[in-house]
Structures are given as C-alpha cells and as structure tokens.
Amino acid sequence: MDFNDTPEEAAFRKQVRAWLDANAERLKPGETNPGLAEGRGSPDLIKKAQAWQAKKADAGWACITWPKKYGGRGATAIQNMIWNQEEGRCKTPPNVFGIGQGMLGPTIMVHGSDEQKDRYLRPMLRGEEIWCQLFSEPSAGSDLAGLRTSAVRDGDDWVINGQKIWTTGAQYCKWGMIVTRTDPTAEKHKGITYFIVDMQSPGIEIRPIKQINGASGFNEVFFTDVRVSDRNRVGAVNEGWRGAITTLMNERASIGGGVGGGPDFNDLVRMAKETQWDGRPAFADSDVRQRLARFYIRMKGLQYTSYRTQTALSRGETPGPQSSIGKLVGAPLRQEMAGFAIDLEGAAGSMIDKLLAPEEGAWQQSYLASPGLRLAGGTDEILRNIIAERVLGLPPEIRADKGMAFKDIPTGANK
Ligand SMILES: Cc1cc2nc3c(=O)[nH]c(=O)nc-3n(C[C@H](O)[C@H](O)[C@H](O)COP(=O)(O)OP(=O)(O)OC[C@H]3O[C@@H](n4cnc5c(N)ncnc54)[C@H](O)[C@@H]3O)c2cc1C
C-alpha cells in the first residue's frame with residue numbers, strides 16, 4: 001500500500017482544490033453538511049443542489065468519470081476519489097443526483113439507445129432532471145428478480161401495473177427507471193424488461209413514507225395502467241436483468257465503501273472529554289475509554305481497508321467484492337458510536353430537536369439513519385453472502401427456484 005499521491009495525483013488534487021477554493025466555502029472543524037435526512041425533498045435545498053451542480057457542470061467538474069462525449073471529463077476512478085475527498089471538505093448542498101448520475105446514467109450509457117443517450121444524459125449531468133430507481137417491491141428486495149410489477153405490450157406502448165416501494169426521491173423526480181415482469185412463463189431472471197418512465201405520467205401515485213426521524217426520504221409508488229412508449233425501453237424485451245445488474249454494480253460501487261457523513265469518532269472523543277459525570281470528564285472513566293478504544297480499532301481497520309481500495313484504483317485495478325466490507329463494518333460501527341454518544345448525553349440524549357438537543361441532534365439523526373444504511377444497497381446478510389461466496393470461496397446458497405418458470409414458483413401470491 002502507498003498512502004501518498006503519485007506526482008500526477010498530487011497535481012490533479014491541486015487543480016481540484018484551486019477550483020473548489022475559488023467556488024465553495026470550506027467546512028470548519030467539527031462542522032458537517034446538512035444530511036439528506038434533513039429535508040431531503042425541500043424545494044429550497046433542491047434548488048441549491050441544482051445551482052451547485054450547474055456550476056460544476058459549467059466548469060467541467062460534474063460527473064467527472066463520465067466520458068467527455070456525455071459532458072464528463074473521462075476521469076479515472078482514483079481522480080474521482082480525490083475529487084470526492086476534496087469536495088467533501090466543502091460546504092455543499094445535499095447530493096440528490098447520486099442515483100441518476102452514479103447508477104442510472106451509466107446504465108443508459110451501456111444499454112440505452114442513441115436517442116436515449118442524447119435526450120437524457122446531459123440534463124441528468126447538469127442536475128436539471130432528477131432520477132429515481134424503481135426496483136424494490138413489497139416482496140422483491142434482496143431477491144429483486146422476484147418482482148411482480150407487470151408491463152404488457154399495447155401497440156407502440158407498454159402498460160404498467162403494480163407497486164414499487166422504498167423509492168428514494170420519487171416525490172421530486174422527473175424520471176424513474178423501472179424493472180417490470182414481461183414474461184411470467186420464463187425463468188425469473190429472464191422475463192424482465194427495463195424502462196424509463198416519466199414520473200408525472202397519469203396513473204402514477206406517489207405516497208411518501210414517514211420515517212422514524214420524521215423525514216420522508218423514500219416512497220411507495222403505485223402504477224395503474226401507466227403507459228410508457230416502447231422508445232423508452234432500455235435494452236431488449238425480456239433482457240432487462242442485464243441492465244438491472246449494470247445498475248446494481250454501479251450502486252455497489254457508488255455506496256459500497258461509504259456510510260455517509262455526520263459526526264465521527266473525533267467528535268465522540270471530544271464529547272467524552274467535555275461531558276461531566278460527577279464532576280469528572282466521562283473520558284476519565286475506564287469503561288468509556290475502553291469503548292472508545294474498540295471503536296478506534298474498527299475505524300482504523302476500515303480506514304486501511306479503504307486505502308487498499310485506493311491503492312488498487314491508483315494502479316488502475318478494479319477493487320473486488322472485498323469493497324462490501326466498507327458498508328458491512330461501517331454502518332453498524334456508525335450505529336454503535338451514535339448509540340454510545342446518546343448515552344453520554346444522558347437525559348438530554350432523548351431530544352432530537354435541532355435547537356434543544358446537544359450537538360444540534362446530529363448523533364440522534366445519525367442513530368436513526370443507521371438502520372437504513374444497513375439495508376440500502378445490500379443488507380448486512382447479503383453482503384456477508386457476497387463475501388462468503390466470492391471472497392472466501394464458500395459454497396453458494398441453494399437456489400430452489402432455479403430453472404422454474406416464474407409463474408410456477410410456489411409463493412403465496414401464485415396460489
Ligand atoms: C435508505 C434506503 C433507501 C432505499 N432506496 C431505494 C430506491 O431508491 N429504490 C429501490 O428500488 N429500493 C430502495 N431501497 C430498498 C432496498 O434496496 C431494499 O431495502 C433492500 O434491497 C432489501 O430488501 P427488502 O427491504 O425487501 O428486505 P428483504 O430482502 O425482504 O430482506 C428481509 C431480511 O431477510 C434477509 N435476507 C434476505 N435474503 C437473504 C438471503 N438470501 N440470505 C440471508 N438473509 C437474507 C435480509 O438481510 C433482511 O434482514 C432503499 C432502502 C433503504 C433502507
């Protein structure tokens with residue numbers, strides 16, 4: 001492992017810093033950007049996010065890994081990592097574009113028609129049109145290929161009926177990408193077709209889901225006879241699983257290692273030093289120091305694992321399934337650190353109001369967001385399966401429905 005920038009990487013970092021210093025404010029020590037949980041869908045925050053995105057796009061700093069022909073700069077993965085590190089040190093609005101730019105845009109680049117690439121990629125890059133991912137259903141999450149939302153051909157259109165759930169941002173998105181069942185007589189991965197759908201189409205009903213922290217980041221989305229033109233089909237009929245896999249691979253790559261912002265280990269140590277217990281700092285308590293030491297060990301393990309990824313990227317290699325470790329270790333660590341911080345806050349820890357709670361309720365927000373982190377983009381159990389099968393070489397899971405037509409899989413819904 002080499003933790004230092006190569007001369008080329010250092011020169012790139014300097015260029016990035018120069019632009020950011022001229023166009024954005026730096027975060028002060030201990031300061032964090034507003035999380036997505038805090039008013040993700042507020043029109044004001046979305047406008048701010050769009051203005052920042054347009055500014056980056058004008059200067060050639062939007063979606064830097066995208067090919068130049070789509071408005072990117074063809075940057076390498078390590079340059080992208082450097083950009084993210086440097087942008088992360090600045091005051092910026094929440095990123096509401098990640099699903100489109102990180103997952104759906106790259107899918108259109110691989111599987112979309114030329115017409116789709118011309119129409120959709122530029123406004124996506126500039127943040128003018130925001131996108132959502134219509135994959136999960138009430139009975140299809142980890143087992144996405146079990147999806148039941150149907151699309152039936154009718155002339156030049158397809159007619160979609162069914163329900164999606166957990167759709168992040170559906171309430172403010174212009175476009176969605178949806179996977180549908182088009183041939184129930186085929187095996188479950190084989191009868192799926194992928195479409196781009198206008199979220200304002202007649203027949204779409206979006207119901208925000210109220211979360212434990214009071215925010216509504218995601219939604220239920222109901223489809224009743226929604227018409228989508230065949231021109232909006234992405235890839236061939238009944239071959240949508242290939243596109244879905246491209247989206248999911250990009251999802252793993254974009255959120256795989258990270259567990260979002262919010263307060264960190266250094267904030268926890270500072271709090272332990274500032275919190276008084278019976279006239280002494282909590283930090284003087286040996287149990288507190290032991291807990292902190294255990295967090296520190298896990299945090300350092302994660303940091304060095306991320307350096308391995310950075311080194312692989314720097315050498316032009318693709319990090320393997322071991323990058324699943326980042327979220328698998330990071331999300332529970334964040335949950336435990338937040339729980340411990342709330343304990344340190346004593347009775348005041350039960351408040352979440354920004355104006356009343358200690359540290360402006362940042363630990364409470366972090367605690368309430370962390371269960372979602374352990375599910376989104378692959379649950380803890382699914383990530384363990386990936387590590388078991390693809391890193392450790394253990395035998396794969398038994399797949400009892402292999403080779404069966406989707407309609408014959410014995411589930412409650414098929415009876
Ligand atoms: C914050 C957040 C944002 C999201 N945004 C979106 C979005 O924008 N679009 C979208 O389509 N979806 C979104 N999702 C949904 C997400 O993709 C699913 O929650 C995830 O795939 C898990 O599916 P599920 O919730 O149906 O749980 P299930 O798959 O039903 O799992 C239930 C439990 O069973 C376990 N389990 C399932 N299969 C196995 C197995 N084979 N081996 C061992 N254990 C197993 C799981 O780990 C879990 O504990 C979001 C979720 C969250 C939390």
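The values are calculated or read from the model by the stated rules, or taken from the named source; none is laboratory data. No experiment lies behind these values; they were computed from the predicted model shown. Neighbour counts run over all protein chains shown; Cβ positions are idealised from the backbone, glycine included. These area figures cover heavy atoms from the full protein model, side chains too; ligands, DNA and RNA do not enter into them. Shrake-Rupley method; radii C 1.70, N 1.55, O 1.52, S 1.80 Å.
Summed over the residues of the chain and divided among them, the accessible surface reaches 51 Å² per residue at a probe radius of 1.4 Å. Report summary: the helix-based calculation at 222 nm, which adds -39500 (n - 2.57) for every DSSP H run with n ≥ 4 and divides by the residues of the chain, gives -12500 deg cm²/dmol. Comparing SER201, GLY98, SER350 along the charge dipole axis of the chain, the residue lying farthest to the positive side is GLY98, per the Cβ-charge model. The spacing between the range 205-282 and the range 323-344, judged by their C-alpha centroids, is 16 Å. Near CYS132, once Lys and Arg are set to +1 and Asp and Glu to -1 for all other residues with Cβ below 10 Å from its Cβ, the sum equals +2.
Surface calculation, 1.4 Å probe, protein heavy atoms: THR311 sits at approximately 10 Å² accessible. Here the extension length gained between ASN4 and LYS402 equals 138.5 nm, from 0.36 nm per residue of separation less the Cα-Cα distance. Ignoring lysines fewer than eight residues from LYS164 along the same chain, the ones with Cα atoms less than 23 angstrom from its Cα are LYS174, LYS188, LYS190, LYS210, LYS407, LYS415.
Given contacts defined as C-alpha pairs under 8 Å and at least six residues apart, what's the relative contact order of the range 90-221, whole-number percent? Display every interim value, and only then the final one.
Numbers: 216 pairs, mean separation 27.5, N = 132.
Averaging sequence separation for qualifying contacts and normalising by length gives 21 percent for the range 90-221.
Taking every protein chain into account, the 1.4 Å probe leaves ASP44 with about 90 Å² of accessible area, to the nearest ten. Explain nothing, just the number: relative contact order of the chain, from Cα pairs under 8 Å at least 6 residues apart, as a whole percent. Rounded, it is 14 percent for the chain.
In the elastic network of the chain, a GNM with C-alpha springs shorter than 10 Å, the most mobile of LEU268, LEU121, LEU392 is LEU392.
I need the calculated FRET efficiency for the pair ASP264 and ASP21, taking r as the beta carbon distance and R₀ as 22 Å, to the nearest 0.05.
Numbers: r = 23 Å, r/R0 = 1.06.
So, using R0 = 22 Å, E works out to roughly 0.40.
Backbone amide hydrogens, once placed in the peptide plane, bring GLU187 within less than 5 Å of PHE406, excluding anything fewer than 5 places away on its chain.
Using the alpha-carbon centroid of each, what span in Å lies between the range 84-161 and the range 42-75? Centre-to-centre distance over Cα atoms comes out at 16 Å.
Near ASP401: Cβ cut-off under 10 Å, other residues only, Lys/Arg at +1 and Asp/Glu at -1. The net charge is 0.
Computed over the chain with a Gaussian network model linking Cα atoms closer than 10 Å, the most mobile of ARG289, ARG153, ARG399 is ARG399.
For SER136, the accessible area of its heavy atoms, probed at 1.4 Å with every protein chain present, is near 40 square angstrom.
The mean sequence distance of close C-alpha pairs (under 8 Å, at least 6 residues apart), as a share of the length of the range 173-220, puts its relative contact order at 30 percent. The simple spin-label model puts a point 7 Å past each Cα toward its Cβ; for ASP154 and LYS174 those points are separated by 2.7 nm. Over the chain, all Cα pairs binned in 10 Å intervals from 0 give whole-percent P(r) values of 4, 19, 29, 27, 15, 5, 1, 0, listed from short to long.
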